[in-house]
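These notes concern the structure reproduced below.
The values are calculated or read from the model by the stated rules, or taken from the named source; none is laboratory data. None of the values given here were measured: they were computed from a predicted structure. Cβ placement follows ideal geometry from the backbone for every residue including glycine, while neighbour counts extend to all protein chains displayed. Ligands, DNA and RNA are excluded from the accessible area calculation, which covers all protein heavy atoms including side chains. Shrake-Rupley method; radii C 1.70, N 1.55, O 1.52, S 1.80 Å.
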There are 2 protein chains.
Amino acid sequence: MDKQPILKVRGKEFGGRGLPLICAPLVGENAEALKRELEKVLPQEPDLLEWRLDFFDSVRDFDAVVRVAQTLRRRVGRLVGELPLLFTIRSEKEGGHPIPLTSEERVGLYEAVCQAGVVDLLDFELGEGEENFRRVRETSRRHGVKLMGSFHDFAGTPAPEQIMAKFRQGERMGADLVKVAVMPQTAEDVLTLLQVTLEGRKSLTIPVITVAMGNYGSLTRMCGWVFGSSVTFAMGENSSAPGQIPIDELKTVLKVMQKALGGYLSESWIP
Amino acid sequence: MDKQPILKVRGKEFGGRGLPLICAPLVGENAEALKRELEKVLPQEPDLLEWRLDFFDSVRDFDAVVRVAQTLRRRVGRLVGELPLLFTIRSEKEGGHPIPLTSEERVGLYEAVCQAGVVDLLDFELGEGEENFRRVRETSRRHGVKLMGSFHDFAGTPAPEQIMAKFRQGERMGADLVKVAVMPQTAEDVLTLLQVTLEGRKSLTIPVITVAMGNYGSLTRMCGWVFGSSVTFAMGENSSAPGQIPIDELKTVLKVMQKALGGYLSESWIP
C-alpha cells in the first residue's frame with residue numbers, strides 16, 4: 001500500500017515519487033523590483049514562487065502587501081497560468097532580512113493575506129511559538145491556505161534526533177508540510193541530513209522539505225528528492241539563501257538524474 | 001596538513017580534491033570491435049580507459065591480448081595523447097562475462113601484459129586469494145604498473161564494517177587503490193555506501209573508488225566524489241555494469257556540481 005503523504009496545491013504535488021518541485025524565491029524590495037524579478041523568473045518555469053516578505057520595504061503596510069500580491073498573482077496568471085504562491089517571513093535569527101514586525105504583527109500579516117485570498121501557502125517558523133502557530137494555522141485553514149512549518153539553522157547541523165523532533169513538532173502543530181534547513185560543516189552533516197530526510201519521509205504523515213545550505217550543501221538541492229525531500233529552492237533571478245543554484249542548471253541535473261534513476265522512485269525505495 | 005593519498009598515473013590524479021576521474025569501459029569482443037568502440041569513446045574525453053578483458057573473445061591467447069593492447073595504445077596516442085589504460089578481468093561471480101581462464105591463468109595473463117609494458121593499471125579482485133594477489137602485486141610493481149584491488153557485490157550492500165574490511169584488505173595486500181561496488185536495495189544502502197566511502201577516504205593510505213550500481217545507485221556515480229570516491233565509471237559507447245550513465249550526461253552534472261560546490265573540496269570537508 002502506498003502510504004506517501006501527498007499534498008496538492010494548484011495542481012502541484014508535494015511529496016510524490018517524481019522530481020521535486022522547484023521553488024524560486026522573489027526578494028524584490030518593492031513592487032517595481034518584484035515585477036522585474038517575476039519577468040526574469042517565470043520563463044525559467046519554476047513549480048512554485050516564494051515571496052520573501054522580509055525583503056519587502058513596505059512589509060508593515062498590510063494593504064500594500066495585499067495589493068502587490070494581487071498584482072503578482074495577475075501577472076503570473078497572464079504569463080504562465082496558475083502557480084502556487086508561498087509567502088514567507090523569515091526571521092532574522094533564522095537567516096532572514098531584518099524587519100520591523102513583532103511576532104504578533106507577523107501573525108496579523110499572515111491573517112491579512114489569508115483573508116484577502118492572495119496566497120496558497122504560508123511558511124511560518126516553528127520557533128514563533130505554539131500560540132502564534134495555532135493562530136496562523138486556524139486562519140489559514142479557514143481560508144484554504146496550506147501551512148508549512150519551518151526551522152532553519154544557519155550555524156550547523158543538529159543531531160538527527162533533533163531534526164526529527166522538528167519534523168514531529170510541525171506535524172503535531174498541524175502543519176501541512178514541514179521544512180528543515182541546516183548548515184553543514186562536514187561531509188557527514190550532508191549525509192545526516194539526507195538520512196533524516198529519508199526517515200522523515202517514511203514516518204511522517206506530511207511531506208518534508210530539507211535543505212543543506214552553503215556550497216557543499218548544494219548537493220542536497222540536487223539530490224535530496226531521491227531521499228524524500230519534496231521541494232528544492234533554486235535561483236530564478238536572485239538567491240535567498242546560501243548555496244542556491246540557478247534553476248536552469250538545477251533542471252539540467254535533475255533531467256539526467258531522472259533518466260538515470262528511471263523516472264520515478266519506487267515503493268521499495270521510498271514507501 | 002594535507003594527508004590525502006594521491007596516486008598519479010600518466011598525469012591523472014587519483015584521490016585529489018577536484019572532480020573524479022571518468023573511466024570509460026571498452027567491452028568489444030575482438031580487435032575490430034574494440035577499435036570501433038575506441039573511436040566513439042575517445043571524442044568524449046574520458047580520463048582513463050578500462051579494457052574489460054573478460055569480454056574479449058581471444059582472452060586465452062596472451063599474445064593476441066598484448067597485440068591488441070599495443071594497437072589500442074597507439075591509437076589512443078595518435079588520437080588524444082596519453083591516457084591511463086586499466087585492464088580488468090572481472091570474474092563471473094563478481095558480475096563479469098564468463099571466461100575460460102582459471103585464477104592461475106588470470107595471473108599469467110596479467111604477468112604477460114605487465115611484462116609487455118602495455119598497461120598502466122590492473123584491476124585484480126580481492127577474492128582471487130592472497131597468493132594470487134601477491135603474485136600480481138609483485139609483477140606489477142616490478143614493471144611499474146599500478147594495482148587496484150576490487151570487490152563487487154551484485155546482490156546487495158554489505159554492512160559498513162564489511163565494506164571497510166574490503167578497503168583494509170586491499171590496503172594490507174599492497175594495492176595502490178581499492179574499489180568496492182555494491183547493489184543498493186534501498187535508499188539507506190546508497191547513504192551507507194557514501195558514508196563508508198567518506199570513512200575510507202579519511203582513514204586509508206590509498207585512494208578509494210566506490211560505486212552503488214543499478215538505477216538508484218547511479219546517483220553515486222554523480223556525487224560519490226564529494227564523499228571521496230576518486231573514479232566514476234561512465235558509458236562511452238557501451239556500459240559494463242548496471243547504472244552507468246553516458247559520459248556527456250555525467251560531465252554536464254559534474255560541471256554544475258563543481259560550480260555549485262566551489263571547485264575543490266576543502267580540507268575541512270575531506271581531510
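From B:L265, B:L250, grab the single residue that is modelled with pLDDT of 95 or more and either open to solvent by less than 10 Å² (accessible area, probe 1.4 Å) or part of a loop (DSSP other than H, G, I, E, B) (or both).
Answer to the selection: B:L250.
Quick one: which residue in B:E50, B:E29, B:E37, B:E45 is farther than 21 Å from B:V208 by Cβ and in contact with a strand residue (DSSP E or B) (Cβ under 7 Å, 6 or more places away or on another chain)? Walk me through it before giving the result.
On the way: B:E50 fails: farther than 21 Å from B:V208 by Cβ; B:E29 fails: in contact with a strand residue (DSSP E or B) (Cβ under 7 Å, 6 or more places away or on another chain); B:E45 fails: in contact with a strand residue (DSSP E or B) (Cβ under 7 Å, 6 or more places away or on another chain).
Being farther than 21 Å from B:V208 by Cβ and in contact with a strand residue (DSSP E or B) (Cβ under 7 Å, 6 or more places away or on another chain) holds for just one of B:E50, B:E29, B:E37, B:E45, which is B:E37.
State all residues of segment B:195-213 that are assigned to a helix (DSSP H, G or I) and either more than 9 Å from chain A (Cβ to nearest Cβ) or open to solvent by 10 Å² or more (accessible area, probe 1.4 Å) (or both); if no residue qualifies, say none. If you could, list the steps in order and put the result at the bottom.
Here is the first cut: in segment B:195-213, the residues assigned to a helix (DSSP H, G or I) are B:195-203.
Residues satisfying the conditions are B:Q195, B:V196, B:T197, B:E199, B:G200, B:R201, B:K202, B:S203.
Filter segment B:57-112 down to the residues that are touching a strand residue (DSSP E or B) at 6+ places or on another chain (Cβ under 8 Å) and not in a helix (DSSP H, G or I) and list them by number.
Hits for segment B:57-112 are B:L83, B:P84, B:L85, B:L86, B:F87, B:T88, B:I89, B:R90, B:S91, B:G95, B:G96, B:H97.
Would segment B:225-243 turn up any residue that is part of a helix (DSSP H, G or I), within 10 Å of chain A (Cβ to nearest Cβ) and out of contact with any Asp or Glu (no Cβ under 8 Å at 6 or more places or on another chain)?
yes
Which pairs do you get when a residue that is over 20 Å from A:G117 (Cα atoms), found in segment A:136-162, comes within reach of a residue that is among the hydroxyl-bearing types (S, T, Y) and open to solvent by 10 Å² or more (accessible area, probe 1.4 Å), reach meaning Cβ atoms under 7 angstrom, with the pair 6+ apart or on two chains?
Correct list of pairs: A:T157/A:T192; A:P160/A:T192.
Can you name the residue in segment B:153-165 that is surrounded by fewer than 24 Cβ atoms within 10 Å (Cβ to Cβ) and outside any loop (DSSP other than H, G, I, E, B) and is also farthest from the other protein chains (Cβ to nearest Cβ) among such residues?
Once the filter is applied, the top-ranked residue is B:A165.
More than 23 Å from A:I22 (Cα to Cα) and at pLDDT 95 or above: does that describe A:F55? Explain how you work it out, then say what you get.
On the way: more than 23 Å from A:I22 (Cα to Cα): no; at pLDDT 95 or above: yes.
No: the conditions fail for A:F55.
Anything in segment A:173-194 that is open to solvent by 30 Å² or more (accessible area, probe 1.4 Å) and either within 9 Å of chain B (Cβ to nearest Cβ) or under 10 Å from A:L126 (Cβ atoms) (or both)? List them, or say none.
A:Q185, A:T186, A:E188
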